[in-house]
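See below for the structure under consideration.
The values are calculated or read from the model by the stated rules, or taken from the named source; none is laboratory data. All figures in this text were calculated on a predicted structure; none of them were measured in a lab. With ideal geometry, Cβ positions are generated from the backbone for all residues, glycine too; neighbour counts draw on all protein chains shown.
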Ligand code: CA
């Protein structure tokens, strides 16, 4: 029986299929959604879709090696990375952390340990804040979002949002400057969605802008990130 959903998505990049599937099965039981890639290239492509909250990355891959994958990811985003390495030399650890990995774990590892590391890194990254600890009031510039009372104020004035609009704004405001894909925003706002409907988020975003932005046609807070999705600027 799978555990209750964490709402968090994890990408496992590992060419050893047995290990990849074992990790996948375990993490799914822990309530994560898990994607698997068997090459560095495939992993990069998946990671760039903006759907995942954390990457478990094997160091030794057949094409682009793990360090290079990590370096490329880090250049583009703050997506947390945990490196898997078969070698335990201090050297690997230092190099891994130097290219921006958030943590590393040495093979053979226990699944419970991996899970603990994942949760710790997610907590530090703030990605798990929705499930772990909730700030009840988010203030970003002149916008304040009260998560408990489901109220939004712009300056002194209360604005009224639909539940979908509220969920989108709350998610983005909790993670200022982070880029969310359309699919991520929709999934978070509506639960499960079918891919292909991502564009329907644009309507919600334009309604939100109308309600919370001083100049909706020239938005200050809810910014479009071309080709990727949206970002909240405080
Ligand atoms: Ca490997």
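If the requirement is being in the same structural domain as residue 108 (by TED's automatic domain parsing) and within 14 Å of the ligand (Cβ to nearest atom), which of these qualifies: 86, 47?
86
What number of residues in region 1-27 are within 24 Å of residue 60 (Cα to Cα), away from the ligand (no atom under 13 Å from the Cβ) and under 19 Å from the mean Cα position of the chain (by Cα)? Please lay out each step first, then the result.
In the first step, residues of region 1-27 are kept if they are within 24 Å of residue 60 (Cα to Cα); the result is 9-27.
If we keep only those that are away from the ligand (no atom under 13 Å from the Cβ) as well, we get 9-11, 21-22, 24-27.
Narrowing the set further to residues that are under 19 Å from the mean Cα position of the chain (by Cα) leaves 9-11, 24, 27.
Count: 5.
Restricting to region 163-192, and then to whatever is assigned to a loop (DSSP other than H, G, I, E, B) and either modelled with pLDDT of 90 or more or under 13 Å from the mean Cα position of the chain (by Cα) (or both), can you tell me which residue is surrounded by the fewest Cβ atoms within 10 Å (Cβ to Cβ)?
177
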